[in-house]
């Protein structure tokens with residue numbers, strides 16, 4: 001049965017899923033059955049702590065209100081709590097936790113705490129963590145589920161309305177899984193786990209990469225041309241920017257984003273409103289998109305698209321550990337140099353002059369520097385010269 005696709009771009013989804021299924025059939029010899037699962041952003045962040053979740057294994061990150069043995073009184077406390085943050089929790093089962101160095105994972109972040117569950121604290125562990133102790137939670141031992149003796153329960157604080165690409169426990173989840181797989185404590189299924197993540201927040205202030213450009217203003221989560229969900233247009237008009245969701249979708253495979261796209265704004269008035277009233281662009285910044293606004297005023301139909309990460313997709317198909325193993329012109333990992341085109345390379349002063357640049361003054365070399373450079377050059381020349389036997393010279 002096809003799951004609900006609650007935004008535009010359905011035709012894009014149909015084409016991409018058909019393409020991916022054909023690739024898997026012809027390259028991997030596998031039939032991908034059914035439609036790919038759809039997970040709204042809010043659910044992905046609440047359940048997996050990531051906007052690109054790996055669903056091949058369990059260990060869920062959930063807000064504390066979903067802990068199964070919380071008493072009714074404790075649930076009432078959570079419902080009336082007006083703090084902007086909540087506590088999220090995740091259980092690592094005893095079979096995995098017993099083979100891992102648990103304290104070393106806790107040291108990776110000051111935002112994370114953990115409690116080892118014993119028979120003595122199974123229904124009182126909330127008193128053992130600084131994150132849950134202030135709430136005064138009580139548990140009902142007659143209810144099923146929850147952490148069992150030998151398990152480790154991880155705790156962290158995060159905003160009630162999830163933001164960004166990870167929660168603290170979302171990152172920890174992947175680290176624990178990687179370590180468990182490496183030690184043979186966890187076996188991942190071989191079949192591909194595809195899913196779509198949809199309905200991202202349309203705007204964000206939680207993206208560190210965009211903070212320098214936005215300078216405290218809202219930034220587009222995907223790009224500033226992404227259309228809002230139609231039902232959220234009244235929220236946008238009221239200025240409730242944080243609550244507006246976008247018609248943006250990512251295709252995720254085994255915890256890696258392999259494609260992303262969106263339905264675009266096709267109305268010039270709405271596009272200019274986003275530029276000026278939401279993103280607070282000045283006239284010069286809006287002017288850079290004058291051609292787009294003019295094109296939209298001339299009439300543009302609703303449209304959507306997607307871009308697939310071809311290198312990453314090929315790396316997954318080839319079971320390569322890095323995309324550098326499959327791309328045509330890889331760059332070195334330490335310097336970013338291209339060994340095929342031998343770039344970057346020195347530029348002549350005349351070339352720099354075309355771009356209004358001039359070469360920096362080179363520091364003067366001492367005699368010791370020159371001697372060291374000569375010795376290094378001789379070593380390199382010897383290393384690059386193949387050994388030739390005397391018999392080879394006489395042939």
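We did not get these values from a lab; they are worked out from the coordinates using the rules stated. Every value quoted in this text rests on a predicted model; they were computed, and no experiment measured them. Don't worry about glycine lacking a Cβ; one is built from the backbone with ideal geometry, like all the others, and counts go over all protein chains shown.
Hey, can you tell me all the residues within region 321-336 that are over 19 Å from the mean Cα position of the chain (by Cα) and either exposed (fewer than 13 other Cβ atoms within 10 Å of the Cβ) or under 14 Å from residue 253 (Cβ atoms) (or both)?
Matches in region 321-336: 328, 329, 332, 333, 334, 335, 336.
What is the one condition in (1) surrounded by 16 or more Cβ atoms within 10 Å (Cβ to Cβ); (2) more than 22 Å from residue 159 (Cα to Cα); (3) in contact with a helix residue (DSSP H, G or I) (Cβ under 9 Å, 6 or more places away or on another chain) that residue 101 does not satisfy?
(1) is the only condition that residue 101 fails.
I'd like to verify a number: residues in region 11-42 that are within 23 Å of the chain's Cα centre (by Cα), exposed (fewer than 14 other Cβ atoms within 10 Å of the Cβ) and under 21 Å from residue 230 (Cβ atoms), how many?
Here the count works out to 0.
Just to be sure before I move on: is residue 248 in contact with a strand residue (DSSP E or B) (Cβ under 8 Å, 6 or more places away or on another chain), closer than 13 Å to residue 227 by Cα and surrounded by fewer than 16 Cβ atoms within 10 Å (Cβ to Cβ) in the structure I sent? Show your work before the answer.
Details: in contact with a strand residue (DSSP E or B) (Cβ under 8 Å, 6 or more places away or on another chain): yes; closer than 13 Å to residue 227 by Cα: yes; surrounded by fewer than 16 Cβ atoms within 10 Å (Cβ to Cβ): no.
It is false that residue 248 is in contact with a strand residue (DSSP E or B) (Cβ under 8 Å, 6 or more places away or on another chain), closer than 13 Å to residue 227 by Cα and surrounded by fewer than 16 Cβ atoms within 10 Å (Cβ to Cβ).
Given the residues 107, 82, which is the only one that is within 30 Å of residue 256 (Cα to Cα) and surrounded by fewer than 13 Cβ atoms within 10 Å (Cβ to Cβ)?
After ruling out the rest, the residue left standing is 107.
Give just the number: which of (1) out of contact with any helix residue (DSSP H, G or I) (no Cβ under 6 Å at 6 or more places or on another chain); (2) buried (at least 18 other Cβ atoms within 10 Å of the Cβ) does residue 114 not satisfy?
(1)
Take the conditions touching a residue at least 40 places away in the same chain (Cβ under 8 Å) and out of contact with any strand residue (DSSP E or B) (no Cβ under 8 Å at 6 or more places or on another chain) and apply them to residue 313. Does it pass?
Details: touching a residue at least 40 places away in the same chain (Cβ under 8 Å): yes; out of contact with any strand residue (DSSP E or B) (no Cβ under 8 Å at 6 or more places or on another chain): no.
No: the conditions fail for residue 313.
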